[in-house]
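> For reference, the structure I am asking about is given below.
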Amino acid sequence: MIDLMPKTEEEASAIVRAHAEAGRPLAICGGDSRSGFGNAVAAEGRLRSTGLSGIVAYNPGEMVMTVRSGTPLAEVEAALQDGGQMLAFEPMDHRPVMGTSGEPTIGGVFAANVSGPRRLIAGAARDSLLGVRFVNGRGEIIKAGGRVMKNVTGLDLAKLIAGSHGTLGFLTEVTFRVPPRPKTERTVVLSGLNDAESANAMAAAMALPVEVSGAAHLPLTVTWKFLAGKLPEGEATVLRIEGLPGSVDVRIEKLAAAMSAFATVTRLEQPESSRLWQEIRDVLPYADGTARPVWRVSVAPGTGHQLVAALRLEAGVDAFYDWQGGLVWMRMEAGPEAELVRRYIKALGGGHATLIRASGEARAVTSAFHPEPEAVAMLSRRVKEKFDPAGIFNPGKMG
């Protein structure tokens, strides 16, 4: 596949226009750290954003950053570290679990709407997005939103691009919120709760006025893989508190006192707490160098453990839970079992199952994204036709 790496928006526009006129599909790509994700794309050329790099505008006092889409995520996070700020949505690094290399880009983060453990209080990547610049399927350069959001239509358009996986446009620039970085963090660990008991404990914790910023449950099959096996013995339900040191001290004591009614409570201090949540974010237990299928399942928080219990009656499944149980990471011991997974999700009230990893053979016969209801699918087709009338951007990637 030929790599096309424009250095300017104008170059990208010319490339897209030429391919649209010729009806030649383009695979849209950033740093290639999610190589193979989604359904197969048939294209001879790959339009990459890595030539569009650099921070355009950043003043920590404004808490807004504008960056060219091909800028490495590490460069963005280093600048934010210096400014005492962060990406609130805590984007995961897909490379360990997917077995890929490459360098994650900030454009790729927003194109895939990547979000980590703080998602349950900070929202997804799209919720931090204020504005975008992109090239549509006609080769036109489009601006939506801006550094100060006043236009609701522009806001909606920027949010529509987020999570479209390069099927609607080629991102060239993104503008997003960057809130202050917490001065410290600590984590409460509840030991010995089963999946259902942990769901009740996490619900109780989230209802407390202590601002829990991370809530996950790690069953026995995975606890030994976190913190190099240094978590307390038994299942671990983990709850994170972040903020100023004095505030964290007070809130962690309130949380620990309330949670002692559910299980034995221990605490993790800053270094171990930070490392634990990074390992949860990056799905460390399933970064095993295999192609065994891994699903990312989003359901209502109270139904995640019910889904896993139902699936285990018919298939080999290992799982752990983030987002108060609403995000279930599942590794299948054999095939993806897509029909089974999606049937049980529907029976339990709905949700989404996305196939993150699988063998090439399994990917060829399994839709990576959850099927849309017909009315939503029709709307998606109409949106695609407006943005990309020739259908050249990542054809087939999302179904």
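> Just grab the label-to-label distance for Arg312 and Lys386, each label 7 Å out from Cα along the Cβ direction, in nm (one decimal).
For Arg312 paired with Lys386, the spin-label model returns 4.6 nm.
> Another question, then. For a quick check of understanding: with a 1.4 angstrom probe and all protein chains in place, what accessible area in square angstrom does Glu333 have, to the nearest ten?
80 Å²
> Here is a follow-up. Could you let me know the centre-to-centre spacing of segment 315-387 and segment 1-21, using Cα atoms, in angstrom?
Each part reduced to its Cα centre gives a spacing of 32 Å.
> Between Ser359 and Lys230, what FRET efficiency follows from the Cβ-Cβ distance if R0 is 41 Å, with the result rounded to 0.05?
Using R0 = 41 Å, I get an efficiency of 0.80.
> With every protein chain left in place, what is the accessible area of Asp32 in Å² (1.4 Å probe, nearest 10)?
50 Å²
> Rounded to the nearest 5, what % of the DSSP beta bridges within the chain are antiparallel ones?
90 percent
> State the antiparallel share, in %, of DSSP beta bridges confined to segment 14-93, rounding to the nearest 5.
50 percent
> For Lys7, Lys346, write out the residues from largest to smallest accessible area, computed with a 1.4 angstrom probe and no ligands counted.
Lys346, Lys7
> Calculate, in nm to one decimal, what Met63 and Ala334 gain on full extension: separation in residues at 0.36 nm each, minus their alpha carbon distance.
92.9 nm
> Can you tell me how much longer the chain between Lys183 and Arg138 gets when fully stretched, taken as 0.36 nm per residue apart minus their C-alpha distance, in nm with one decimal?
Additional length available on full extension: 11.6 nm.
> Under a plain spin-label model, where a point goes 7 Å from the Cα along Cα-to-Cβ, how far apart in nm are Arg46 and Leu244?
For Arg46 paired with Leu244, the spin-label model returns 4.9 nm.
> Right, here's the next one. Could you tell me which label, among (1) 0.97; (2) 1.22; (3) 1.07, carries the value of Rg/Rh (Cα atoms, Kirkwood Rh) calculated for this structure?
(1)
> Just the accessible area per residue of the chain, please: how many Å² with a 1.4 Å probe?
Solvent-accessible surface per residue comes out at 42 Å².
> Right, something else. Calculate the length of the line joining the C-alpha centroid of segment 172-236 to that of segment 84-109, in whole Å.
20 Å
> Determine the shape class of segment 1-54: with a ≥ b ≥ c the square roots of the Cα gyration tensor eigenvalues, call it rounded for a/c under 1.5, and otherwise prolate if a/b is greater than b/c, oblate otherwise.
In terms of gyration-tensor shape, oblate.
> Given Ala20, Ile2, Met65, which one lies farthest toward the positive end of the charge dipole of segment 1-67, if we put +1 on the Cβ of every Lys and Arg and -1 on the Cβ of every Asp and Glu?
Value computed over the given set: Ile2.
> Same structure, new question: Picking from Leu47, Gly335, Ala144, whose Cα lies most toward the positive end of the charge dipole for the chain (charges on Cβ: Lys, Arg +1; Asp, Glu -1)?
Of Leu47, Gly335, Ala144, it is Ala144.
> Starting from the Cα of Glu372, step 7 Å along the direction of its Cβ; do the same at Ala257; then give the gap between the two resulting points in nm.
5.0 nm
> Also: Using 0.36 nm per residue of separation minus the Cα-Cα distance, give me the extension gain between Ser35 and Ser101 in nm, one decimal.
Contour length minus the Cα-Cα distance gives 22.9 nm.
> Related question: In segment 160-200, which residues have a backbone nitrogen under 18 Å from the label point lying 7 Å from Leu379's Cα in the Cα-to-Cβ direction?
160-165, 168
> A further question follows. Could you please put Met202, Met1 in sequence from largest to smallest accessible area, using a 1.4 Å probe?
Per-residue accessible area, sorted high to low, gives Met1, Met202.
The values are calculated or read from the model by the stated rules, or taken from the named source; none is laboratory data. Just so we're clear, the structure is a prediction, and the values are computed from it rather than from any experiment. Don't worry about glycine lacking a Cβ; one is built from the backbone with ideal geometry, like all the others, and counts go over all protein chains shown. The accessibility values were calculated without ligands, DNA or RNA, using every heavy atom of the protein model including side chains. Shrake-Rupley method; radii C 1.70, N 1.55, O 1.52, S 1.80 Å.
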